[in-house]
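One structure below.
The values are calculated or read from the model by the stated rules, or taken from the named source; none is laboratory data. It should be emphasised that the depicted structure is a prediction, and the values quoted were computed from it without experimental measurement. When we count neighbours, we look across all protein chains shown, and the Cβ atoms used for this are built from the backbone with ideal geometry, even at glycine.
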Amino acid sequence: MTERIQLAHGGGGSLMQELIRRELLPLYGEPAPVLHDAASLALPGGRLAFTADSYVVQPLEFPGGDIGRLAVTGTANDLAMAGARPAHLSVALILEEGLPLALLRRMVVSMRAAAGACGVNIVTGDTKVVERGKADRLFISTSGIGVIEAAEPIGPGAIRPGDALLVSGDLGRHGVAILAARHGLDLQPPVLSDCAPLWPQVAALLEAGLTPHCLRDLTRGGLASALAELAEASGLEFAVQEQRLPVLEPVARTCELLGFEPLHLANEGRFLAVLPAAQLERALAVLAALPHPTGAAWIGTVRPPAAGAGPRVLLATALGTERLLLPLSGELLPRIC
């Protein structure tokens, strides 16, 4: 841990987790909470989920989305990961002097469209303007409230040995889309961000009577960071099958050329579900039957940690060997969301 903030502290990897544990947990008092995508609030008349997020993606517009769509969709998705139907959002804008109004208008249109797609109302907000050169044109901060519809708590504490690991679709597209837009890569065919609402998929699982133990959207740090965080929080071992991981050919090819690992790349419309093994086939069938299926796949199993090993993520390779799957310690692509 250094004495100054680095870009890598916002990358979703081990440095970010260390920053949260050492510096930010005191915000919450005692006992320290189990950190998840949204807080569950017990209030008269029902259970609510509450979340907050900020968006500094660069560039502001990219293949398959923009910062406005990303902010609304990403906040709604955090609520969905708590088993909550997204309901209301706040949106706060930090605008830089000199920002073209035409760009701001495009972002407003995009946020309204995203709110409609997510089924949420933008009900309050705030606007600040800073001097030229102080905000890189536009930053967005959001908060969201949703109504919890899951009958049982969804979170790392519910994960059990024997649970199945399921991803809702192909991995790494958002990271590659941002990379291409940022550096002017003419990928053929073009790779579009997977930015999309997750509540319809979660709702379908719940309506089918399934009981996911934990849900996690695969944003910064990608699948590798999500698996590592959940293994640590649950104290269990996650065994993942490399050949089962869904990665589109253009994404895999780009990663191979540039030396990237698709499992470290961000996604903005994919989630990891940890659920009882007996429910796996039904869950895959439910997700495949949706109007716009994204290719959900079983990728592995939760098991007790090996003697003396502690919680970890093991990746079974195509060669029949196993290796540790570790989150990034540095920053692969800063300002990805």
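Overview of results
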| quantity | calculated |
| --- | --- |
| Residue match in the range 323-336 (condition: of a type in the set (D, E, K, R), in a helix (DSSP H, G or I), touching a residue at least 60 places away in the same chain (Cβ under 8 Å) and closer than 30 Å to Pro197 by Cα) | no |
| Candidates Arg182, Arg160 - the one that is among the charged types (D, E, K, R) and closer than 17 Å to Ile336 by Cβ | Arg182 |
| Residue tally, condition surrounded by fewer than 24 Cβ atoms within 10 Å (Cβ to Cβ) and touching a helix residue (DSSP H, G or I) at 6+ places or on another chain (Cβ under 8 Å), over the range 235-250 | 6 |
| Val34 vs. criteria under 27 Å from Leu138 (Cβ atoms) and within 19 Å of the chain's Cα centre (by Cα) | no |
| Every residue from the range 10-31 that is touching a helix residue (DSSP H, G or I) at 6+ places or on another chain (Cβ under 8 Å) and either free of Cβ contacts under 8 Å to residues at least 24 places away in the same chain or of a type in the set (Phe, Trp, Tyr) (or both) | Leu19 |
| Any hit, the range 155-175, residues being modelled with pLDDT under 95, farther than 28 Å from Leu192 by Cβ and charged (D, E, K, R) | no |
| Selected residue (criterion: nearest to Val202 (Cα to Cα)) from residues of the range 251-286 that are surrounded by fewer than 19 Cβ atoms within 10 Å (Cβ to Cβ) and either in contact with a Pro (Cβ under 6 Å, 6 or more places away or on another chain) or basic (Lys, Arg) (or both) | Arg282 |
| Residues that are acidic (Asp, Glu) and surrounded by 14 or more Cβ atoms within 10 Å (Cβ to Cβ), drawn from the range 305-337 | Glu331 |
| Hits in the range 223-251 (condition: out of contact with any Lys or Arg (no Cβ under 9 Å at 6 or more places or on another chain) and either free of Cβ contacts under 8 Å to residues at least 60 places away in the same chain or under 24 Å from Gly157 (Cα atoms) (or both)) | Ala224, Ser225, Ala233, Gly235, Val240, Gln241, Arg244, Glu249 |
| Test result for Ala204, surrounded by fewer than 21 Cβ atoms within 10 Å (Cβ to Cβ) and either modelled with pLDDT of 95 or more or among the hydrophobic types (A, V, I, L, M, F, W, C) (or both) | yes |
| The range 305-330 - residue that is over 20 Å from the mean Cα position of the chain (by Cα) and β-branched (Val, Ile, Thr) and, of those, nearest to Leu230 (Cα to Cα) | Thr317 |
| Single residue of the range 287-304 satisfying the filter (surrounded by 16 or more Cβ atoms within 10 Å (Cβ to Cβ) and not hydrophobic (A, V, I, L, M, F, W, C)) that is nearest to the chain's Cα centre (by Cα) | Thr294 |
